[in-house]
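J.: Take a look at this one; I'll ask things after.
Just so you know, all these numbers are worked out from the coordinates, no wet-lab data involved. In this text, all values refer to a predicted model and were calculated from it rather than measured experimentally.
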Ligand code: SF4
């Protein structure tokens, strides 16, 4: 893991990464190579949440290091952010076999780790990437989720479950969408442009 800051949040995140590393709460523990708790500054201002680790992430233990990671770095650069400035993680911390969508039980088993990360990191903005991450976060924090199409690129408010602190949630398309649907690049860039505009008003 690569954290840029030190102090209480850093130690809490390292302890949590240790718990994730030995977790066997769901079936994904059986097929994983490495757990992928996430990386970035602690605390952080912006937290990006994907669906789950892919093959390269499973091998390296780091989030978004494959092709989707390169796309994500480009999108962040577009809004003057570098990877070092954001915390990147996912809803499930172990790779679903064959990169399938994580199941409801797997998401439910892993969600407490994400909740704890949000509580420790105290981000100003949480950015779920794609339908699965958005649906999981909206459900856990009591935000209505009519469909991904209707909520992407918009700002919502959620209260952190441990302290009640309010933070913004801005769903965007998942960067991997353009690896199987190249025309979606425009929508993805539009989402990140909108994210950048909202960031300027909040940070
Ligand atoms: S996906 Fe989450 S809950 Fe399941 S084994 Fe991995 S760390 Fe534990």
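J.: Return the Cα extents of the stretch 8-202 along principal axes one, two and three, sorted largest first, each rounded to a whole Å.
T.: On the principal axes, the stretch 8-202 reaches 39, 39, 32 Å in Cα extent.
J.: Test of understanding: in a Gaussian network model of the chain with alpha carbons linked when under 10 Å, which of 89, 33, 179 would top the mean-square fluctuation ranking?
T.: Highest fluctuation of the listed residues: 179.
J.: Then there's this: What per residue convex hull volume, in Å³, do the alpha-carbon atoms of the stretch 116-203 yield?
T.: Details: hull volume 8.2 nm³, N = 88.
So the per-residue hull volume is 93 Å³.
J.: Expressed as a rounded percentage, what relative contact order does the chain have, with Cα pairs under 8 Å and six or more residues apart? Don't skip to the end; give the middle numbers.
T.: On the way: 365 pairs, mean separation 44.2, N = 203.
Taking the mean separation of contacting Cα pairs over the length of the chain, I get 22 percent.
J.: If the elastic network links every pair of Cα atoms under 10 Å, which of 44, 23, 110 fluctuates the most in the Gaussian network model of the chain?
T.: Highest fluctuation among the options: 23.
J.: What does DSSP give for the stretch 8-202 in terms of the percent of beta bridges that are antiparallel, rounded to the nearest 5? Mind showing how you got there, number by number?
T.: Working: 5 of 17 bridges.
Restricted to the stretch 8-202, the bridges split so that about 30 percent are antiparallel.
J.: Would you kindly calculate the translational diffusion coefficient of the stretch 27-76, applying Stokes-Einstein with the Kirkwood radius from alpha carbon pairs, for 20 °C and a viscosity of 1.002 mPa s, and quote it in µm² s⁻¹ without decimals? Write down the numbers at each step before the final one.
T.: On the way: Rh = 11.8 Å.
Estimated diffusion coefficient is 181 µm²/s.
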